[in-house]
Structures are given as structure tokens and as C-alpha cells.
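Asks: Below you will find the structure I want to go over with you.
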Amino acid sequence: MAGDGHRRDAAVGGAARRSTASRSRPPALKRYGQNHLVDTGTREAILALARVGGDDIVLEVGAADGSLTRRLLEQAALVHTFEIDRRFATTLTAISAERENLHVCLADALHERLQDLEPPPTALVANLAYSIAIPLVMKTIAEVPSIGRWAVMVQRELGERLFATPRTKSYAAVSVLVQLACELEARRSVPRTVFAPPPNVDSTFIVFTRRADWPADRWVALDRLVRSAFAQRRKLLLNSLSGAAHGGRALSRDDVGRALQTLGLPAQARPEELTPPDFVRLAAALGWT
């Protein structure tokens, strides 16, 4: 996984049975957040959930020694793989020399124009670092419309946040935005014991797909509205949205109050109480769409 390099990388081998590649892999670096997946059964289970097909163009972020990459190459038409740790450059270059359907990018995926990849990726399959998981998911939703499926390993807490429901502790701006764009398909808990070295938290492998009716034409406005609303999640929307600007015009408390009234919502409504569709209706009532 690329991004800022903080990552947990996929690798071949069981916890008790390591392959030659696993034994020769450079040691995990704490500064990159590397925790290698070393359980073959877990790897194969998440590959099955990912449902990579022969027509897929896969974007993989964090190839490491290419253990997951090699399996993806057997299933996909082509794999664009990003890796920021150049200790793995020689290994990945060797794999690309063997396989014509691998495109290696030794770069930071968060800082690249992923929408310019050719051919355009149709699925993101990755074992993501906790520090880049949400930024990368949001970047690919907003900037890479060709991606229709995400199959990603994330910290369990982050996985819960993506599809949290209103009035729960995990419900946040990212919950609203991801659920407006995507629909949850599958989730699998992954214990810390299948990684080496083990992380301090458990993980979740989560699969979700892009909705056909995701509000692409209103995404910028919705993103700004939702993030403004949740900037201080315990505040009333009357207060958190007052002063928020879009299209050169700042909202007043009266603007927000009238919009809430139009939607039949109380003036005391807080962001954590609104459903994702409520935010779409609120944006329309405020004239932000």
C-alpha cells in the first residue's frame, strides 16, 4: 500500500508456515506501519470476498513483496500496484518482467492522479494502513468514477465508521459521504494474530460497491456541507452550519432554520441525527445543489 507509506502489507504463508519470500522479506518498518498478512487462509478468504474477475482492472495500494499482487494478477486483466517503500522495488520489477498485466508505480498513491491511470481501474483491492484508509477511500470515490468496487482491509474501528448508523458513536461525516456513494456488500473480522508483527488492534475486511445513483454532480457541495455539519458534531446544525459558505454565499442561522423547517426537522437537530438522504434534502433546501 502506498499513500504516506504507513501500511500493513499482504504476504504469502501461514502463521506457523512461512514461505521463502516471507523469510527473505525486509523487516517491517514501524515508521511505515507495516504488519504483514501471513495467514494464507485469511488471504484466500478475502480474495474470494473481493470477487476480482477477468475483466477487472485492479488498483492495489501497498504491494510490498507482491504476495497479494501475484494472486491478483491470476484473476484480473491488469493490476496497477502502488508501493512507496523502495526496498521492494527490485522484487516488484521482477514480477512485472514476468507478467505483462502488472503496472508498478513506486509512488505515493494519495498524491497521484489516480484518475489518469490507463486503463482506468474498476476495483480497489488493498490492505490499507490505518493512517491512509479513509483519505484513500474518499479520494477514489470522489476522483476515480471508474472504480465500482472497494475490497479493503482496515482497522476495525474505521470499518465500523464507514457504515455506521445515525445516533451512534461511530457515525461521522465519512459515514454519510460513503453511504451516499456506496452500498455495503460484505464484512469479515480479521484478528491481529494473522499479521506479523501483530498490530495493536483487530481489523476488518470490508467490501462495498458504488451506487448507480450516487450524487456525483452534487458531490463537492455535499462534501462541504456534511464536513461543516460534523466539524463540531455535538453542536446544533443551526450553529455548526451558520457561516458555512458555498457558491460565494455564507449561510445564516435563519437560512439553516428555514431549511430544517422545510424538511420537517426540529430547530434543535444535530448532525448525528440526520440520515445520509436527509443531508441530500438539506443541501437542496439550502440551495447548495
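No lab work stands behind these numbers, since they all come straight from the coordinates. What you see is a predicted model; the values in this text were computed from it and never measured. For neighbour counting, all protein chains shown are included, and Cβ atoms are generated from backbone atoms with ideal geometry for every residue, glycine included.
Asks: Roughly speaking, what is the centre-to-centre gap between region 152-197 and region 234-250 when only Cα atoms are used, to the nearest Å?
Replies: Cα centres, region 152-197 to region 234-250: 28 Å.
Asks: How far apart, in nanometres, would the label points at ALA77 and ARG224 be if each is projected 7 angstrom from Cα along the Cα-to-Cβ direction?
Replies: 3.7 nm
Asks: So between ASN239 and ASP254, what do we pick up on full extension, going 0.36 nm a residue minus the alpha carbon distance?
Replies: Result for the pair: 4.4 nm of gain on full extension.
Asks: By how many degrees, 0 to 90 and rounded to 10, does the Cα axis of helix 40-50 deviate from the longest principal axis of the chain?
Replies: 40 degrees
Asks: With unit charges on the beta carbon (Lys/Arg positive, Asp/Glu negative), name the residue among ALA107, SER189, LEU222 whose Cα is farthest towards the positive pole of the charge dipole of the chain.
Replies: Working it through, the farthest residue towards the positive pole turns out to be SER189.
Asks: Between 0 and 90 degrees, rounded to the nearest ten: what's the tilt of helix 89-98 against the longest Cα principal axis of the chain?
Replies: 80 degrees
Asks: Please give me the summed charge of the neighbours of ALA284: other residues whose Cβ is under 14 Å from its Cβ, Lys and Arg +1, Asp and Glu -1. Display every interim value, and only then the final one.
Replies: Values: positive: ARG218, ARG258, ARG281; negative: ASP217, ASP255, ASP278.
Net local charge, ALA284 excluded: 0.
Asks: Compute the FRET efficiency between ASN200 and SER170 as 1/(1 + (r/R0)^6), taking r as their Cβ-Cβ distance and R0 = 22 Å, and round to the nearest 0.05.
Replies: 0.70
Asks: Oh, and also: For region 97-154, which GluC sites (Glu not before Pro) are both in a DSSP coil and crowded by at most 13 other Cβ atoms within 10 Å?
Replies: Answer in residue order: GLU100.
Asks: Cut-off is 10 Å between beta-carbons; in what order do ILE84, ILE57 appear when sorted fewest neighbours first?
Replies: On the way: ILE84 25, ILE57 21.
Lowest count first: ILE57, ILE84.
Asks: Sticking with this one: Compute the semi-axes of the equivalent ellipsoid of the chain, taking the square root of 5 times each eigenvalue of the Cα gyration tensor, and list them largest first in whole Å.
Replies: 39, 19, 15
Asks: In degrees from 0 to 90, rounded to the nearest 10, what is the angle of the helix 253-262 Cα long axis to the longest principal axis of the chain?
Replies: Computed tilt is about 90 degrees.
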